[in-house]
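Heads up, the thing below is written out as C-alpha cells.
The values are calculated or read from the model by the stated rules, or taken from the named source; none is laboratory data. Keep in mind the model is a prediction, meaning the values are calculated, not measured. Here the Cβ is made from the backbone with ideal geometry for all residues, glycine too, and neighbour counts use every protein chain on show.
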Amino acid sequence: MARIPYLDVDDLAEEDRDLLKRSINLHRALVHSPGGARHFGALGSYIRFGSKLDPRLRELAILQVGYLTGSEYEYSHHLKIGRDFGVSDDDISAMITESKGRNSGLPQLDRAVLRAAREMTEDLKISDATFAKLKSHLSAELLVDLTMVIAFYNGVVRLLGSLEIDVEDSYAPYLEEFPLP
C-alpha cells in the first residue's frame, strides 16, 4: 500500500487538474507536489515524445532498468508501453537473456543499449567499452538522450519504491506473462 494517499482530480486545484489526465497511481501520488509533478511530467514527455532516440531502444533500456531493480510498477507499465512502441515478446525474452549474462542474438546496438542500462543501474555509469560501442552507432544527441532515459528511469524506480506505489490491477497480468526474477 502506498505511503501517501492517492489523489483524484476533485482533490486538486482547478489549475492542477490537467496533471491527472493520465490517472495512474504514480501521478496520483506525485500531484501532492503539483510543481514537482508538472516538471517530472515535462521530462517524461520529452523522453517519450520529443527525443529522436528510437522508441524501441528507449523502451528496451527502460525495461532493463525495471527488470534489474525488480520494480513491478515500472516493469509492468513498460511491458505494455514497450509493445506500443515496437518491443516484441522476443525482445523482452532477449532482454531477460542479456540480464543473465548470455548473448541473446540481438543486434549489437540493442545489446549495447541493454548493457548501458545495466551498467548505469548497477555501477552508476556506462563503461568506456560500452560507451565506445554506443558512440559507433549513435550521435552525441542520441547518446545524451539515452543516458538521460536510463538516469531518469533509475530515479523513477527509486521514487516508486520509496513511496510504495501500487501496481494497478490492469497492469498485473503483464507481471504474470514476463515475471521478474
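Could you give every pair whose Cβ atoms fall below 9 Å, whose first residue belongs to region 106-133 and is over 26 Å from R158 (Cβ atoms), and whose second residue is part of a loop (DSSP other than H, G, I, E, B) and of a type in the set (S, T, Y), counting only separations of at least 6 or pairs across chains?
That search, which allows pairs on different chains as well, returns Q108/S136; L109/S136.
If you check R17, R3, R22, which single one turns out to be touching a helix residue (DSSP H, G or I) at 6+ places or on another chain (Cβ under 6 Å) and in a loop (DSSP other than H, G, I, E, B)?
Step by step, each of R17, R3, R22 is checked, and only R3 is touching a helix residue (DSSP H, G or I) at 6+ places or on another chain (Cβ under 6 Å) and in a loop (DSSP other than H, G, I, E, B).
Filter region 126-181 down to the residues that are over 16 Å from the mean Cα position of the chain (by Cα) and basic (K, R) and list them by number.
Correct list: K133, K135.
Could you tell me which residue of region 97-121 is nearest to D169 (Cα to Cα), considering only residues that are among the hydrophobic types (A, V, I, L, M, F, W, C) and surrounded by fewer than 19 Cβ atoms within 10 Å (Cβ to Cβ)?
L106
So is R83 farther than 19 Å from E176 by Cα and of a type in the set (K, R) or not?
Taking the combined requirement at face value, the residue does not satisfy it.
Between a first residue in region 51-63 that is in contact (Cβ under 8 Å) with a residue 60 or more places away in the chain and a second residue that is among the basic types (K, R) and assigned to a helix (DSSP H, G or I), which pairs have beta carbons less than 9 Å apart while being 6 or more apart in sequence or on different chains?
S51/R58; R58/R48
Kindly indicate whether any position in region 40-52 is surrounded by fewer than 19 Cβ atoms within 10 Å (Cβ to Cβ), in a helix (DSSP H, G or I) and among the basic types (K, R).
Yes, there is a match, as at least one residue in region 40-52 is surrounded by fewer than 19 Cβ atoms within 10 Å (Cβ to Cβ), in a helix (DSSP H, G or I) and among the basic types (K, R).
Is it the case that S76 is part of a loop (DSSP other than H, G, I, E, B) and either surrounded by fewer than 18 Cβ atoms within 10 Å (Cβ to Cβ) or hydroxyl-bearing (S, T, Y) (or both)?
The answer is no for S76.
Between residues in region 144-156 that are assigned to a helix (DSSP H, G or I) and residues that are of a type in the set (D, E), which pairs lie under 8 Å by C-beta distance while being six or more apart or on different chains?
Here the result reads Y153/E74; V156/E74, each pair linking region 144-156 to a residue that is of a type in the set (D, E).
Tell me, please, whether a residue that is outside any loop (DSSP other than H, G, I, E, B), assigned by TED's automatic domain parsing to the domain that holds A151, more than 24 Å from K125 (Cβ to Cβ) and of a type in the set (K, R) can be found in region 91-111.
So far as region 91-111 goes, no, none of its residues is outside any loop (DSSP other than H, G, I, E, B), assigned by TED's automatic domain parsing to the domain that holds A151, more than 24 Å from K125 (Cβ to Cβ) and of a type in the set (K, R).
Is region 13-26 home to any residue that is out of contact with any Leu (no Cβ under 8 Å at 6 or more places or on another chain) and touching a residue at least 40 places away in the same chain (Cβ under 8 Å)?
yes
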